[in-house]
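> Take a look at this one; I'll ask things after.
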Amino acid sequence: MDCTNERRKIYLDNAATTKMSEAAIKAMLPYMDGIYGNPSSLHSVGQEANEALTSARERIAKILGCEPREITFTSGGSEADNQAIISAARLGEKKGKKHIISTAFEHHAVLHTLNKLEKEGFEITLLDVHENGLITAEQVRNAIREDTCLVTMMYANNEIGTVQPIAEIGAVCREKGVLFHTDAVQAVGHLHINVKEQNIDMLSLSAHKFHGPKGVGVLCARKGILLTNLIEGGAQERGKRAGTENIPAIMGMTAALEEACAKIDENAVRLTVLRDKLIVGLSQIPHSVLNGDYGHRLPSNVSFCFEGIEGESLLLLLDDKGICASSGSACTSGSLDPSHVLLAIGRVHDIAHGSLRLSLSEENTEEEIDYTIKAVKEVVAYLRGISPIWRDLVNGKKEFITK
Amino acid sequence: MALYSEKVMDHFRNPRNVGVIENADGVGEVGNAKCGDIMKIYLKIENDTIVDVKFETFGCGSAIASSSMATELIKGKPVSEALALTNKAVVEALDGLPAHKLHCSVLAEEAIKAALKDYYDKNGIEYDHTLFPDCASCGHCCET
Ligand SMILES: Cc1ncc(COP(=O)(O)O)c(C=O)c1O
Ligand SMILES: [Zn+2]
């Protein structure tokens, strides 16, 4: 199989973003030429757009198990995370509650918002995510205090794919009367979610992670939770998010979500087979380690650390072989520290630099997986061959960290 | 636009002078695994000339390409010229590096200096100690 020419790419970076589905593209087009009105306009062209908006809101609410008025359209996952957390903080501080519980391996959209609140005097507790990348409801229960105003915990981790016991955590929060937000950006469209049944008060999602367009998402917030505006202006989104609605993107997102959710089980079966094949294949590389619990994991996520090599050079050489992947190494992030997620699960710097994330989509084939296993093995062996660390490890001058 | 210039990618994909010199006259290793780049340089020196040089690097594309280019720039040159090699010259020879990648290339200059210092020390050759700032103070390789 020749993947070295430009046209033949093996895309294994679906946690970063996905290709738009045909259904999503098709759903957007009419709202770019025919139905281009502003939903706030009174005339028929505007009202047609407004009808589309209303229907999108209903369809998304039905999928998430909430009411249409509980849906707020945003510019994506980051904005939804920011608004959920800021809103809960403002509600909390009115009652003198300024304690928030989260984890150390949240997305930066969450962590940076929490940092901002910390500077304002909020107290933030970040729960230990353990080496397996999992939190328990018990941990949350033990961390909740009288002054806790919010628990915010990601549904599935974007780097290591671990899936938290969200329904159990939701039940604890409900029992204790604490607001519960989940960043479900990596989970929506891939796992079965029902905000009511799972006691989720607020949920963030982003369309481009399930074959929808970029720059659009949803904050789903249970009625009665007063949202704080991040963007002031017109009265769109019940006055909680100003700005003329991005109707084409919202329609694309809705179509993509319906399609993804209709195929969750079918896709999961297919992806799990490919994922496990990759995990078994890459585990054969000596001195490698799988990141994140194997059992509670997204069907699409494979994450490894390879001792003795650095992630950016691994990615560049894989790209030369037609494979698009991702890494949490410092040199790919432009900072001196490797991914905060890998550090949070206790990977030391030495091996966190040699990380590789492969995230699958339904379009990947078994042939691609076979090719990828072979390619990763070759590249890791080559880079180890020119690595002074690897020489020291092999010669016994340094001790191996992994088996 | 790609992250790296064609020159960088060429040296990254086909690094020159990779390997080890047994019984080298000077060996220098800088950086550490904590910050993600480590470079090791081996020198063979005869009549005050770098007759052979090899490197091993653990690091990103920028680190590997800089090591390769730096070894090319000093091979066959008098020791004094190798000592005068700057990070700037390495980066220029590579047709530039992205700003946030410059720190990964600094190691090449430092590894060569460390190897030359090792050569002087081993052979009891007098040298100007100020030419070799002590590692702990520079911060480039995030020495801990
Ligand atoms: C877990 C998680 N949260 C939030 C985001 C941010 O979403 P967006 O890119 O739509 O702002 C992402 C994606 O990058 C993510 O993976
Ligand atoms: Zn680097």
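> List the accessible area buried at the contact between A and B, summed over both sides and calculated with a 1.4 Å probe, in Å² to the nearest 100.
Details: alone 17190 and 7320 Å², together 22390 Å².
Interface between A and B: roughly 2100 Å².
> What is the dipole size for the protein assembly as shown, taken about its Cα centre, with +1 at each Lys and Arg Cβ and -1 at each Asp and Glu Cβ, in debye to the nearest 20?
Working: 57 positive and 75 negative charges, 262 e Å.
Charge dipole, the protein assembly as shown, about its Cα centre: 1260 debye, nearest 20.
> Okay, moving on. Given the pairs A:K398/B:K117; B:K54/B:K101; A:K403/B:K122; A:K377/B:K75; A:K321/B:K101; B:K7/B:K40, which span a C-alpha to C-alpha distance of over 30 angstrom in this model? Spell out each step's value before the answer.
Values: A:K398/B:K117 24 Å; B:K54/B:K101 23 Å; A:K403/B:K122 37 Å; A:K377/B:K75 33 Å; A:K321/B:K101 23 Å; B:K7/B:K40 22 Å.
Too far apart for the 30 Å limit: A:K403/B:K122; A:K377/B:K75.
> Using a 10 angstrom Cβ neighbour count of at most 16 plus a DSSP loop assignment to flag exposed chymotrypsin sites (Phe, Trp or Tyr not before Pro), which longest range of chain A is free of such sites?
Details: sites that count: A:Y36, A:Y294, A:F400.
The longest such stretch corresponds to A:37-293.
> Let me ask something else about it. Taking amide hydrogens as modeled 1.01 Å from N in the peptide plane, which residues meet the under 5 Å criterion relative to A:R297, leaving out close sequence neighbours?
For A:R297, whose amide H was placed from the backbone, the distant partners under 5 Å are A:V163.
> Can I ask one more? Given Cα positions, please report Rg to Rh for the stretch A:102-177, the hydrodynamic radius being the Kirkwood one.
Values: Rg = 12.2 Å, Rh = 12.9 Å.
Looking at the stretch A:102-177, the ratio lands at 0.95.
> Taking the Cα centroid of the stretch A:109-149 and of the stretch B:23-59, what is the distance between the two, rounded to the nearest whole Å?
When both Cα centres are located, 46 Å separates them.
> Moving to a separate point now. With r as the distance between the Cβ atoms of A:H112 and B:L131 and R0 = 35 Å, compute the FRET efficiency 1/(1 + (r/R0)^6) and round to 0.05. Mind showing how you got there, number by number?
Numbers: r = 43 Å, r/R0 = 1.24.
For B:L131 and A:H112, the calculated efficiency is 0.20.
> Would you pull out the residues with amide H under 5 Å of A:T74's amide H, same chain only if 5 or more places away, H placed 1.01 Å from N?
Amide H neighbours of A:T74: A:G217, A:V218, A:L219.
> May I pose another question? For the stretch A:117-123, just list the computed ³J(HN,Hα) in residue order, Karplus coefficients 6.51, -1.76 and 1.60, θ = phi - 60°, integers in Hz, with x standing in for Gly and Pro.
5, 4, 5, 7, x, 6, 9
> How are the C-alpha pair distances of the protein assembly as shown spread across 10 Å bins, as whole percents from the shortest bin up?
Calculated P(r), rounded to whole percents: 4, 17, 23, 21, 17, 11, 5, 2, 0, 0.
> Could I ask something else about it? Measure off, as a whole percent, the carbon and sulfur share of the 1.4 Å-probe accessible area of the stretch A:266-369, all protein chains present. Mind showing how you got there, number by number?
Values: 1800 of 3220 Å².
Heavy-atom surface of the stretch A:266-369 belonging to carbon and sulfur, 1.4 Å probe: 56 percent.
> From the phi of every residue in the stretch B:70-80, what ³J(HN,Hα) in whole Hz does the Karplus formula 6.51 cos²θ - 1.76 cosθ + 1.60 yield, where θ is phi - 60° and glycine or proline is x?
Here the 3J(HN,Hα) series is 4, 5, 4, 6, 9, 5, x, 9, x, 4, 4 Hz.
> While we're here: B:R16's amide H: which non-local residues (gap 5+, or another chain) put their own amide H closer than 5 Å, with H modeled 1.01 Å from N in plane and none for Pro or chain starts?
none
> Ok, one more. How high is the FRET efficiency between A:R145 and A:A167 when r is their beta carbon distance and R₀ equals 30 Å, given to the nearest 0.05? Don't skip to the end; give the middle numbers.
Values: r = 23 Å, r/R0 = 0.75.
After rounding to 0.05, the efficiency reads 0.85.
> Would you mind counting up the charge near A:L126? Only other residues with Cβ under 13 Å from its Cβ, with Lys and Arg at +1 and Asp and Glu at -1.
On the way: positive: none; negative: A:E106, A:E118, A:E123, A:D128.
Local net charge: -4.
> Starting from the eigenvalues of the Cα gyration tensor, five times each then square-rooted, give me the equivalent ellipsoid semi-axes of chain B, largest first, whole Å. Don't jump to the answer; show the numbers that get you there.
Details: eigenvalues 111, 58, 34 Å².
Sorted largest first and rounded, they come to 24, 17, 13 Å.
> Check cross-link reach from A:K176 to the lysines: straight Cα distance under 17 Å, and skip same-chain residues fewer than eight apart.
Result set, ordered by chain and number: A:K95, A:K97, A:K98, A:K196.
> With θ set to phi - 60° and the Karplus curve 6.51 cos²θ - 1.76 cosθ + 1.60, what are the ³J(HN,Hα) couplings of the stretch A:190-200 in order, to the nearest whole Hz, using x for Gly and Pro?
Karplus values, whole Hz, x for Gly and Pro: 10, 10, 6, 10, 9, 4, 5, 4, 9, 6, 8.
The values are calculated or read from the model by the stated rules, or taken from the named source; none is laboratory data. Note that this is a predicted model, so its numbers are computed, not measured. Neighbour counts run over all protein chains shown; Cβ positions are idealised from the backbone, glycine included. Only protein heavy atoms, including side chains, enter the accessible area calculation; ligands, DNA and RNA are left aside. Shrake-Rupley method; radii C 1.70, N 1.55, O 1.52, S 1.80 Å.
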